[in-house]
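K.L.:
Below is the structure I would like to discuss, written out as structure tokens.
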């Protein structure tokens, strides 16, 4: 059987959503709005919504939206972001074991310092930093969890280096109020048992997520007219 390899050709980008379609189902772990958790999916959608988006049943509304756009809800993971998805940053990063794809949408209008979150009383807003890591490799369950940790650490480092601050506390932000992350793997090719920061996969995840997040933050600053 021909080995399935995920490539950047699987991406579609518009101002309404960014999507990735795979030729075969991929094992996935995510904190998405639609089909969160662990599962097997062949399409991923990051949808741009208005910052004031507020519906009683976001999961049902998201499922209906996916179907309207031609996606099979049972086979699709769906996220939401408050920034235009046309500004997504996508990269392919190659290692000795194979390659990964990273996609990041980032805006920081509702940046939050998690260490100061107890002082906040405002309602949650739609998240603006959504991160996808798509791996051409065979991941253990441990590696899926470690990849999410490594990706989050890389995101926080990018926010630190770009001096993004929580507007309420004035301290360096660690994310936005409802960020989301996805790790998906083809489960073919090299076996990758670990994804910590010094493991081969972890090194690539850290580099790729940091690179895409910095580029996405700088693009956001440019759109908003922020000084860099």
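Readers should treat all values here as calculations from the given coordinates under stated rules, not as data from a laboratory. This structure is a prediction, so every number in the text was calculated from the model and none was measured.
K.L.:
Just from its helices, what would the mean residue ellipticity at 222 nm be for the chain, if runs of 4 or more DSSP H residues each count -39500 (n - 2.57) and the sum is divided by every residue, rounded to the nearest 500 deg cm²/dmol? Kindly include the intermediate steps, with their values, before the conclusion.
P.N.:
Working: 3 runs with 57 residues, N = 228.
Rounded to the nearest 500, the figure is -8500 deg cm²/dmol.
K.L.:
Under the 0.36 nm per residue contour assumption, what length would be gained going from the current alpha-carbon distance of residue 171 and residue 118 to full extension?
P.N.:
Numbers: separation 53, 0.36 × 53 = 19.08 nm, distance 1.38 nm.
Contour length minus Cα-Cα distance gives 17.7 nm.
K.L.:
Å³ per residue of the Cα convex hull, for the chain? The partial results should precede the final answer.
P.N.:
On the way: hull volume 27.7 nm³, N = 228.
Value for the chain: 122 Å³ per residue.
K.L.:
Further question on the same structure: How many angstrom lie between the C-alpha centres of region 17-31 and region 62-111?
P.N.:
9 Å
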